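The values are calculated or read from the model by the stated rules, or taken from the named source; none is laboratory data. Keep in mind that this is a model prediction, so the values were computed, not measured. Don't worry about glycine lacking a Cβ; one is built from the backbone with ideal geometry, like all the others, and counts go over all protein chains shown. To get the accessible areas, we keep the full protein, side chains included, count just its heavy atoms, and leave off ligands, DNA and RNA. Shrake-Rupley method; radii C 1.70, N 1.55, O 1.52, S 1.80 Å.
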Amino acid sequence: MIAIIDYDAGNIKSVEKALLHLGQKVKITDQAHEILLADKVVLPGVGAFGDAMGNLDRRGLVPIIREVVEKGTPFLGICLGLQLLFERSDETPGVEGLGILPGEILRIPAEEGLKIPHMGWNSLHLEHGGRLFENVSEQSYVYFVHSYYLKAAEEEIVKASTEYGVHIHASVEKGNVFACQFHPEKSSEVGLQILKNFVEL
């Protein structure tokens, strides 16, 4: 069973739909025992960094997420779920992230002709042999919706990057922790392949 963590963030249903399409048994839950018993865990989300950390805290989910990661369960963060895995975000100064991975979330710099939030399809440069990108071609297009981007502290954990006025770390992997800034569940066949690679780990 794949547990999708429920913490009042947007976009949870479309992740559920994509995983069901891949034939997976899925449960949207904020219950500790269900999350800890799951074969895989997904932290999706659209929304503000500070609000999301507050919601995770209030539901007692921060120690549960740490426990899932520590026991080696494959864990996937999507969009805001990626950002929360890191230490801090420009979006909410003073609010600590989960700090599971080292790095920070920065605002996409304003630039003439560049719309923020960044909404749309961008191609990925694949690097460092990411397991999520098996059978995914270099320069494949995926769908992004974000105003903030990841600058990971460890270059080797970055498995895909893209350019949008700045160099964006679009996907990371370290041990059993995986994360995508883009939305695989909205990225057509390429996105389904990425999710399929995750469920087959």
Could you pull out the longest piece of the chain with no exposed loop trypsin sites (Lys or Arg not before Pro) in it, calling a site exposed if DSSP puts it outside H, G, I, E, B and it has at most 14 other Cβ atoms within 10 Å?
116-201
Taking 0.36 nm per residue of separation and subtracting the Cα-Cα distance, what length does fully extending Asp51 through Ser14 add?
11.2 nm
Hull surface over four for the Cα convex hull of segment 10-164, reported in nm², is 9.7 nm²
Which Cα, out of Pro117, Ser140, Ile64, lies furthest along the positive dipole direction of the chain (beta carbon charges, K/R +1, D/E -1)?
Ile64
Past the 18 Å Cα-Cα mark, which pairs from Lys25/Lys196; Lys17/Lys159; Lys40/Lys174?
Lys17/Lys159
Put Ser161, Ser14 in order of accessible area, largest first, 1.4 Å probe: what do you get?
Ser14, Ser161
For Arg59 and Ala153, extending 7 Å from Cα along the Cα-Cβ vector and measuring point to point gives, in nm, a value of 2.7 nm
May I ask you to give the percent of accessible area on the chain that is carbon plus sulfur, with a probe radius of 1.4 Å?
49 percent
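So what is the 222 nm mean residue ellipticity for the chain from helices alone, if each DSSP H run of at least 4 adds -39500 (n - 2.57) and you divide by all residues, rounding to the nearest 500 deg cm²/dmol?
-7500 deg cm²/dmol
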Can you give the accessible area per residue of segment 22-171, in Å², using a 1.4 Å probe?
46 Å²
Treating the beta-carbon of each Lys and Arg as +1 and of each Asp and Glu as -1, no other charges, what is the dipole magnitude of the chain about its Cα centre, to the nearest 20 debye?
520 debye
Put one equal scatterer on each alpha carbon of segment 110-151, apply the Debye formula with no solvent term, and list log10 I(q)/I(0) at q = 0.31 1/Å to two decimals.
-1.12
Label segment 148-199 by shape, choosing from rounded, prolate and oblate, from the square roots a ≥ b ≥ c of the eigenvalues of the Cα gyration tensor; if a/c is under 1.5 it is rounded, and otherwise prolate applies when a/b is larger than b/c, oblate when it is not.
oblate
